[in-house]
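S.K.: My structure is below; once you've seen it, I'll send some questions.
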Amino acid sequence: MSNTRRNIDQYWKKNIQIVSILLFFWFLASFGFGIIFADNLDEISFFGFKLGFWFAQQGSILIFVAIIFIYIRSMKKLDQEFKEDIDE
């Protein structure tokens, strides 16, 4: 296997790793905090709302937007790291 092909495989492995980690946090914020742990989080007040309700209605959306920006920054960094191999 050529060195270029090996680097491309490493690029995609890191890409999938980034996506998997970010999807885990998205799942945790939307399904975990909004549904599974909602009853426990409802004991905490956040801006006058129960925290579980807030995550279900607003928090998961804001976290999703933050994940998008984290993904963009991570992919720019990864693209710079493997720039020569991607251009070929």
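Derivation of every value follows stated rules applied to the coordinates shown; laboratory data play no part. All of these numbers come straight from a predicted model, not from anything done at the bench. FYI the Cβ positions are ideal-geometry reconstructions off the backbone, even for glycines, and counts take in every protein chain you see.
S.K.: Determine the pairs where a residue that is without any contact (Cβ under 8 Å) to a residue 40 or more places away in the chain, located within the stretch 64-79, has a partner that is of a type in the set (Phe, Trp, Tyr) and surrounded by 11 or more Cβ atoms within 10 Å (Cβ to Cβ) with Cβ atoms under 8 Å apart, the partner being 6 or more residues away or on another chain.
M.R.: Hits for this filter: Phe64/Trp26.
S.K.: Considering (1) within 14 Å of the chain's Cα centre (by Cα); (2) exposed (fewer than 15 other Cβ atoms within 10 Å of the Cβ), say which one Phe25 fails and leave the rest.
M.R.: Result: Phe25 fails condition (2) only.
S.K.: Next question, about the same structure. If I ask for residues that are exposed (fewer than 15 other Cβ atoms within 10 Å of the Cβ) and over 21 Å from the mean Cα position of the chain (by Cα), which ones from the stretch 28-45 would you list?
M.R.: Across the stretch 28-45, the qualifying residues are Asp39, Asn40, Glu43, Ile44, Ser45.
S.K.: Still on this structure, I have one more. Which of (1) surrounded by 12 or more Cβ atoms within 10 Å (Cβ to Cβ); (2) not in a helix (DSSP H, G or I) does Ala66 not meet, given it meets every other one?
M.R.: All conditions are met except number (2).
S.K.: Just name the residue that is nearest to the chain's Cα centre (by Cα) out of those in the stretch 46-59 that are part of a helix (DSSP H, G or I) and surrounded by 15 or more Cβ atoms within 10 Å (Cβ to Cβ).
M.R.: Gly59
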